[in-house]
């Protein structure tokens, strides 16, 4: 009988061990599914915020190219228009400890690299990040130069080239440069 009692105790311990392992595995699986679902939802929100940042920068570009100065910025709405404000923007109402940064880098005088970056904490020890990158051009200057090129060709200027208004020669300083023409509103000139 003692032998059977000992055997029952060993069987009970083995059964409890298997039960604990099974419960641990199931709990771990449930936790991982929960975190995966949460990561998916939060990445979707972060992607939306990053896209919104890109649209805000396009709006800033369209209102005045000169406002796209190099640096890191947050965004705000002032007078119904997007503006840069500070060096980052809190988005903690949508994501835990979340911030949005807009990074503007110069490629050349008429092109900028724009990064819209969202950083937040999924858990205390696990940060997440979503970054979108695009390149913007000063389409107003590009369109003016293209129309000037066509104007130069149409006016049949030999070796004609387009210049921005600052490079247009003054009529008094024309000298031996030859003939030139500044377009209406002095967008560009041909000589």
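The values are calculated or read from the model by the stated rules, or taken from the named source; none is laboratory data. Since the structure is predicted, the reported quantities are computational estimates derived from the model, not experimental observations. For neighbour counting, all protein chains shown are included, and Cβ atoms are generated from backbone atoms with ideal geometry for every residue, glycine included.
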**Asked** Hey, among 28, 59, 24, which residue is free of Cβ contacts under 8 Å to residues at least 60 places away in the same chain, touching a strand residue (DSSP E or B) at 6+ places or on another chain (Cβ under 8 Å) and either within 30 Å of residue 121 (Cβ to Cβ) or outside the structural domain of residue 119 (by TED's automatic domain parsing) (or both)?
**Response** 59
**Item:** Tally of residues being without any contact (Cβ under 8 Å) to a residue 60 or more places away in the chain, within 16 Å of the chain's Cα centre (by Cα) and either under 15 Å from residue 47 (Cβ atoms) or not in a strand (DSSP E or B) (or both) across segment 103-124
**Value:** 2
**Checking residue 73 against (1) within 14 Å of residue 45 (Cβ to Cβ); (2) surrounded by 13 or more Cβ atoms within 10 Å (Cβ to Cβ), the condition it does not meet** = (1)
**Prompt:** In segment 125-134, which residues are surrounded by fewer than 17 Cβ atoms within 10 Å (Cβ to Cβ) and assigned to a strand (DSSP E or B)?
**Reply:** 126, 127, 129, 131, 132, 133, 134
**Complete:** In segment 61-77, anything touching a helix residue (DSSP H, G or I) at 6+ places or on another chain (Cβ under 8 Å), under 19 Å from residue 131 (Cα atoms) and not in a loop (DSSP other than H, G, I, E, B) is listed as 75
**Request:** Determine whether segment 79-95 contains at least one residue that is in contact with a strand residue (DSSP E or B) (Cβ under 6 Å, 6 or more places away or on another chain), surrounded by 10 or more Cβ atoms within 10 Å (Cβ to Cβ), at pLDDT 90 or above and more than 30 Å from residue 138 (Cα to Cα).
**Result:** yes
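Which of the residues spanning segment 78-102 are in a strand (DSSP E or B) and either touching a helix residue (DSSP H, G or I) at 6+ places or on another chain (Cβ under 6 Å) or closer than 13 Å to residue 49 by Cβ (or both)?
Correct list: 82, 89, 90, 99, 100, 101, 102.
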